[in-house]
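Accompanying notes for the structure given below.
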Ligand SMILES: [Zn+2]
């Protein structure tokens, strides 16, 4: 082999190894973060057509939807996770999660977790009502808290945080009769003091806005998510977002 052939062969090996590294799935559970599912030209809105494409992609690629409760039960050895688990979450509690997203998820055998701002329920147009939340629960949706009034928790006093965290949990539980054990931080803001309040209030986990995959319960109150905003490049963007979380997980960042 001359020098040029040797260099080409070495490059080919590096390329093949990098591709293998890229394509070999990282351990860890992806948690997708949606907001609205509706026809709106808005960063936080995924159209029903695009959402259906994404759910079909997950179903066709062997993903099984699990709840956060399932995730924690598996981490403590109470149950086993399916081969390719995915957690599908929605922030804010929009009524289109019920009207648009739920029927599409059901069509592909998926279910999700909705983080409701308890003070928005039946208070403003476009948000979920109590009967809608009850029906979602009945149909396999998990309900979590997104605080009482959508405030950034690490920006308010400890007393106000406690109120937001405790009030939203008890109001949701009063109306649904089901324990609320998870919270998503509005604007992704949290700190150690917020985690302590959540733990005291009986939450067992919380979702942040940081990208990546999740393993075990070491970061139970800082679960990573894959943000799914209004796509600019269709399904490719969705696939790239899944891949990026996978790479972050492999690099441990
Ligand atoms: Zn929010």
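The values are calculated or read from the model by the stated rules, or taken from the named source; none is laboratory data. Since the structure is predicted, the reported quantities are computational estimates derived from the model, not experimental observations. Glycine gets a Cβ as well: all are built from the backbone with ideal geometry, and neighbour counts include every protein chain shown.
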Check: Across segment 202-211, which residue is surrounded by the fewest Cβ atoms within 10 Å (Cβ to Cβ) among those that are in contact (Cβ under 8 Å) with a residue 60 or more places away in the chain and assigned to a strand (DSSP E or B)?
Finding: 205
Note to self: Can you find, within segment 45-75, the residue that is surrounded by the most Cβ atoms within 10 Å (Cβ to Cβ) among those that are within 14 Å of the chain's Cα centre (by Cα) and assigned to a loop (DSSP other than H, G, I, E, B)?
What the structure shows: 66
Next item on the list: Within segment 103-118, count every residue that is surrounded by 20 or more Cβ atoms within 10 Å (Cβ to Cβ) and either farther than 15 Å from residue 32 by Cβ or at pLDDT below 95 (or both).
Entry: 3
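Rundown of residues vs (1) farther than 22 Å from residue 81 by Cα; (2) at pLDDT 95 or above, yes/no style:
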{"position": "156", "(1), (2)": "yes, yes"}
{"position": "221", "(1), (2)": "no, yes"}
{"position": "228", "(1), (2)": "yes, yes"}
{"position": "248", "(1), (2)": "no, no"}
Note to self: All but one of (1) surrounded by 19 or more Cβ atoms within 10 Å (Cβ to Cβ); (2) away from the ligand (no atom under 16 Å from the Cβ); (3) farther than 25 Å from residue 205 by Cβ hold for residue 96; state the number of the condition that does not hold.
What the structure shows: (2)
Check: In segment 171-201, which residues are assigned to a helix (DSSP H, G or I) and either loosely packed, with under 15 Cβ neighbours inside 10 Å or on the phi > 0 side of the Ramachandran plot (or both)?
Finding: 174, 187, 188, 192, 193, 196, 199, 200
Checklist line | Residue under evaluation residue 82, criteria (1) more than 16 Å from the ligand (Cβ to nearest atom); (2) not in a loop (DSSP other than H, G, I, E, B), criterion not met | finding: (2)
Next item on the list: Tell me which residues, restricted to segment 145-185, are touching a helix residue (DSSP H, G or I) at 6+ places or on another chain (Cβ under 7 Å), within 12 Å of the ligand (Cβ to nearest atom) and under 25 Å from residue 73 (Cα atoms).
Entry: 145, 146, 147, 183, 185
Check: When the residues of segment 117-134 are filtered to those that are within 13 Å of the ligand (Cβ to nearest atom) and touching a helix residue (DSSP H, G or I) at 6+ places or on another chain (Cβ under 6 Å), which remaining residue is farthest from residue 164 (Cα to Cα)?
Finding: 127
